[in-house]
Amino acid sequence: MKEPPKITKDIITLGGKSYQTDAFTNVTPTILEKTTRQLHLIPSHPIAIIKDLISSAFPDFKHYQTFSPVVSTKENFDDLCFAEDHPGRAVTDTYYINQKIMLRTHTSAHQLQVLTEADKILVTADVYRRDEIDASHYPVFHQMEGAQLFETRTVVEDVRKAIAQDSMASSSTIHTTDTTVITPANPKQECHDEAAMLATADHLKHSLNMMVRKLFSHEKDLQVRWIDAQFPFTSPSWEMEILYQGKWLEVLGCGVIRQDILINAGKPDKIGWAFGLGLERLALVLFGIPDIRLFWSHDERFLKQFEPSKIQKFIPFSKYPPCIKDISFWSNDQFHENNFCEIVRDVAGDLAEDVQLIDQFVHPKTQRRSLCYRINYRSMDRNVTNTEINEIQDKLREEVVNRMKVELR
Ligand code: PHE
């Protein structure tokens, strides 16, 4: 979805399609603009980095990443067995384009479609929920959905083999606590054979344990716990939590897929599991990002910090204004840029944020080389004054001449 959305009183145009508004319409231009961002498709964005790490734990899964956020209420709710009066349907919780068309609230909205196409799937997408706005909430976030189906007839044997193979391949430690029990409150589906359901659940939890182990590979003794949960489209259902810096963090929801969904997908003889997780929550803790709004920043100082496939701690940048100064001089044979930068650090300390060569030329007669460097001065914690930066710049000019024997221009 790249084209900017258009919104008038009667018509909303989004992704090249037009929709009639009605009494349910509650999307706003600000929200619709977010549909063009698709942070999960920007390779060096933390959201995409987490997504790639997770998908590497499911190497042979078919990954769908470009579905439009505009779905029908049938896809988002009805197909997933949501009750008519489920609170998730409320206009206070969901962004409606009109009574029948909405912005998806979860990637599960695509489950039925993708399960008709493949038995091992991942879906990554932006999802929309009306919510409070603070450092950890934002009305748009990104989710990743995973699902795997087995032949019901052979699932017990298939899972036994798959888990045995993985255990040989990995030696990493993970401490899991699982106190969940199958009770009427979190039941096996009547149509399911008990052994088949238990094997599916085993494979689900095993696969997700392996996935978080990969994600938190720097944590020596990762603590994971499984708790009972409830979703309209899985039964039984669970949530996984991990202990991170002393706090239990809810990472994902999952369960054994409702058989009605598999019947509707044309696969009545299969049994399967599904999970859904929020990428922002994981990215916040893994990258140490203090505010969820930063993910949406257009600031290069945010975006340029990260590299594809690498989890690294966020370096906070100052929101105080910079003070920019240029210095030009005739260079000589001994000149080296690193030495110059060393002097800048010496004189300006942490106030020097950035040093860039912005101009150079060779004098046609003397053959001397002129260099011009731009220095970006900025404090991490206060406003700098022009007077104090001028003093630093004067000192720098003096030191550069003394130490590098260059001639100022
Ligand atoms: N869609 C659920 C959510 O958004 C997560 C989920 C996905 C749970 C798949 C179970 C299975 O909370």
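In segment 212-233, of all residues being buried (at least 19 other Cβ atoms within 10 Å of the Cβ) and modelled with pLDDT of 95 or more, the one that is nearest to Tyr244 (Cα to Cα) corresponds to Trp226.
Contact annotation: residue pairs with Cβ atoms under 7 Å, 6 or more positions apart or on different chains, pairing a residue in segment 365-393 that is touching a residue at least 60 places away in the same chain (Cβ under 8 Å) with a partner that is of a type in the set (Val, Ile, Thr) and not in a helix (DSSP H, G or I), are Arg378/Val384. Can we say Thr176 is surrounded by fewer than 19 Cβ atoms within 10 Å (Cβ to Cβ), of a type in the set (Ser, Thr, Tyr) and in contact with a helix residue (DSSP H, G or I) (Cβ under 8 Å, 6 or more places away or on another chain)? The answer is yes for Thr176. One residue stands out among those in segment 2-22 that are among the charged types (D, E, K, R), more than 21 Å from Ile42 (Cα to Cα) and assigned to a loop (DSSP other than H, G, I, E, B): the one that is most open to solvent (accessible area, probe 1.4 Å), which is Lys9. Applying the condition of being buried (at least 17 other Cβ atoms within 10 Å of the Cβ) and over 21 Å from the mean Cα position of the chain (by Cα) to segment 47-80 and asking which residue is farthest from Arg213 (Cα to Cα) yields Thr73. Restricting attention to segment 236-256 and to residues that are farther than 17 Å from Trp273 by Cβ, in contact with a strand residue (DSSP E or B) (Cβ under 6 Å, 6 or more places away or on another chain) and open to solvent by less than 70 Å² (accessible area, probe 1.4 Å), the residue that is farthest from the ligand (Cβ to nearest atom) turns out to be Leu243. If you check Leu371, Leu408 for being in contact with a Phe, Trp or Tyr (Cβ under 7 Å, 6 or more places away or on another chain), surrounded by fewer than 12 Cβ atoms within 10 Å (Cβ to Cβ) and of a type in the set (A, V, I, L, M, F, W, C), only one passes: Leu408. Residues in segment 23-41 that are open to solvent by 60 Å² or more (accessible area, probe 1.4 Å) and touching a residue at least 60 places away in the same chain (Cβ under 8 Å): Ala23, Phe24.
Residues in segment 257-282 that are assigned to a loop (DSSP other than H, G, I, E, B) and more than 14 Å from the ligand (Cβ to nearest atom) were compared, and the one that is surrounded by the most Cβ atoms within 10 Å (Cβ to Cβ) is Ala265. Among the residues making up segment 96-111, those that are touching a residue at least 60 places away in the same chain (Cβ under 8 Å) and more than 12 Å from the ligand (Cβ to nearest atom) are Tyr96, Ile97, Asn98, Gln99, Ile101, Leu103.
Taken together, Asp134, Asp166, Asp158 contain a single residue that is at pLDDT 95 or above and open to solvent by less than 70 Å² (accessible area, probe 1.4 Å), which is Asp158.
Take Ile311 and decide whether it is assigned to a loop (DSSP other than H, G, I, E, B), more than 23 Å from Asn376 (Cα to Cα), β-branched (Val, Ile, Thr) and open to solvent by 20 Å² or more (accessible area, probe 1.4 Å). For Ile311, the condition - assigned to a loop (DSSP other than H, G, I, E, B), more than 23 Å from Asn376 (Cα to Cα), β-branched (Val, Ile, Thr) and open to solvent by 20 Å² or more (accessible area, probe 1.4 Å) - is met.
Scanning segment 293-302 for residues that are over 10 Å from the mean Cα position of the chain (by Cα), in contact (Cβ under 8 Å) with a residue 12 or more places away in the chain and part of a helix (DSSP H, G or I) returns Arg293, Leu294, Trp296, Arg301, Phe302.
The values are calculated or read from the model by the stated rules, or taken from the named source; none is laboratory data. Just so we're clear, the structure is a prediction, and the values are computed from it rather than from any experiment. Heads up, the Cβs are rebuilt from the backbone with ideal geometry, glycines too, and the neighbour counts pull from every protein chain shown. Surface areas here come from the heavy atoms of the whole protein model, side chains and all, with no ligands, DNA or RNA. Shrake-Rupley method; radii C 1.70, N 1.55, O 1.52, S 1.80 Å.
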